[in-house]
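To start, the structure under review is shown below, and the notes come after it.
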Amino acid sequence: MQIDQIDTFLDLIETRSFNRTAERMGLTQSTVSGRLVALEQALGARLFTRSRAGTQLTTEGLKFEPHARLLRQEWTMARRAVMASGTAALTLRIGVQNDLAPAHLGALVADFRALLPQAALYIEPDYSTQMCADLVTGALDFALMFTPKPQPDLYFDTLAEIPYHLISTEADTLAAISAETYVCANFSPAFEAAHRQLLPHLTAAPLSVGQSSAVALLLERIGGSGYVMESQARAMVAQGGYQMVTDAPVIRQPVYAAMHLRNRTAATHKRLIQAARRRLQTPGAR
C-alpha cells in the first residue's frame, strides 16, 4: 500500500468520478484506476462500485474511509517528524486567516513563542478553505480562521468576534455614502450575509474585495468608503483624511480555532487556543 493510493481513494470519495479525480490530481484515468485496483488488492476488498449512476462507496469502502484519513495524516506527520528542525523539540505549523495577519500576526506569534519556547513555528497566512484542507491532511497543526468547513476530521472552537467599522473619505453619515464609490468588503460568507442584511443598498456596489488591507489600500488610492478592521479604522482616522461613519452598523466577524479532531484534547493545542482567545479578545491588541 502506498500513500498515493490513499490520496487517490480519498479524492474519489469527494468527486465520485474517475475522470474528475484524474483531472484534479493531474493523472490519466488509467493511473487512477490502477491505483484503486492496487489498493483493493492490498486490502482484499472492493471499495467502489461503478455504474451509470456514478461511483459509489461499498460497505467496505465506507469502513475503510476513516482509517484512510488517519493513514494520510499519520504519513504527513511522520514525514515532518524526520525533517530537520534545529534544536527544537517539536515543529508546529500554524495557519492564520489572511485578514488577521496585518493587525494580529506579530502579537500572536510572540504569544505562541512565549508559550512554547521549545517549539519551531511555521506560520502561514491563508484562506479558510485551504487551511481546512491542510488540517485534514496534516500539513497544518492549528489554524485561526473565519469560515469553518465542517468535516468529520476537524474540530472548531469559537475564539472571538472581530469588529469592523465603516470609514470614508467623503462622508460621516450612512445616508451620504455613495454606492458608486463604495468598496464592498467580502471577508467571509458570514460577513457577507451580515452586510447584505444590514446594508442591502450597498451590497451591489461595483467594487468588492476580500481583505481589510485591500479595502484600506483602495481608499488610500481612489477614496470612497468601506469596512475595515476596528484597529485599522481607528489608525486611519487618527492619521487624517478619513472619517468614521458613526451611524453605520458595526459588523462582527467570528474567529475560530481549528485543528484535527484527534488534537482537540492535546495540552499544546489547548494552550494555543487559550493564548489566541486572550489576544483576540483584547481591545486594540496587536
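The values are calculated or read from the model by the stated rules, or taken from the named source; none is laboratory data. Bear in mind that the values here come from a model prediction, so they are computed numbers and not experimental data. A quick note on method: Cβ atoms are made from the backbone with ideal geometry, for glycine too, and the neighbour counts reach across all protein chains shown.
Quick notes on this one:
- All helices (runs of 4 or more DSSP H) inside the range 167-286 with 2 or more residues being out of contact with any Phe, Trp or Tyr (no Cβ under 7 Å at 6 or more places or on another chain) and under 23 Å from VAL109 (Cα atoms): 212-222, 230-239, 267-280
- Test for MET259: is it buried (at least 20 other Cβ atoms within 10 Å of the Cβ) and farther than 16 Å from ALA160 by Cα: yes
- Any hit, the range 146-164, residues being assigned to a loop (DSSP other than H, G, I, E, B), farther than 23 Å from GLN281 by Cα and at pLDDT 95 or above: no
- Of the numbered criteria (1) buried (at least 20 other Cβ atoms within 10 Å of the Cβ); (2) hydrophobic (A, V, I, L, M, F, W, C); (3) outside any strand (DSSP E or B), the one ALA139 fails is (1).
- Restricting ALA238, ALA248, ALA267 to residues that are crowded, with 16+ Cβ neighbours inside 10 Å, more than 19 Å from the chain's Cα centre (by Cα) and over 14 Å from THR158 (Cα atoms) narrows the list to ALA248.
- For ALA101, the conditions (1) buried (at least 18 other Cβ atoms within 10 Å of the Cβ); (2) assigned to a helix (DSSP H, G or I); (3) more than 19 Å from the chain's Cα centre (by Cα) all hold with the exception of (3).
- THR129 surrounded by fewer than 15 Cβ atoms within 10 Å (Cβ to Cβ), at pLDDT 90 or above and under 18 Å from HIS260 (Cα atoms): yes
- Taking the listed residues SER168, SER212, the one that is of a type in the set (Gly, Ala, Ser), in contact with a Pro (Cβ under 9 Å, 6 or more places away or on another chain) and outside the structural domain of PRO125 (by TED's automatic domain parsing) is SER212, with no other qualifying.
- Residue match in the range 37-45 (condition: outside any helix (DSSP H, G or I) and either touching a residue at least 60 places away in the same chain (Cβ under 8 Å) or over 27 Å from ASP134 (Cβ atoms) (or both)): yes
- Condition check for GLN151: farther than 28 Å from ARG234 by Cα, among the polar types (S, T, N, Q), touching a residue at least 12 places away in the same chain (Cβ under 8 Å) and loosely packed, with under 15 Cβ neighbours inside 10 Å: no
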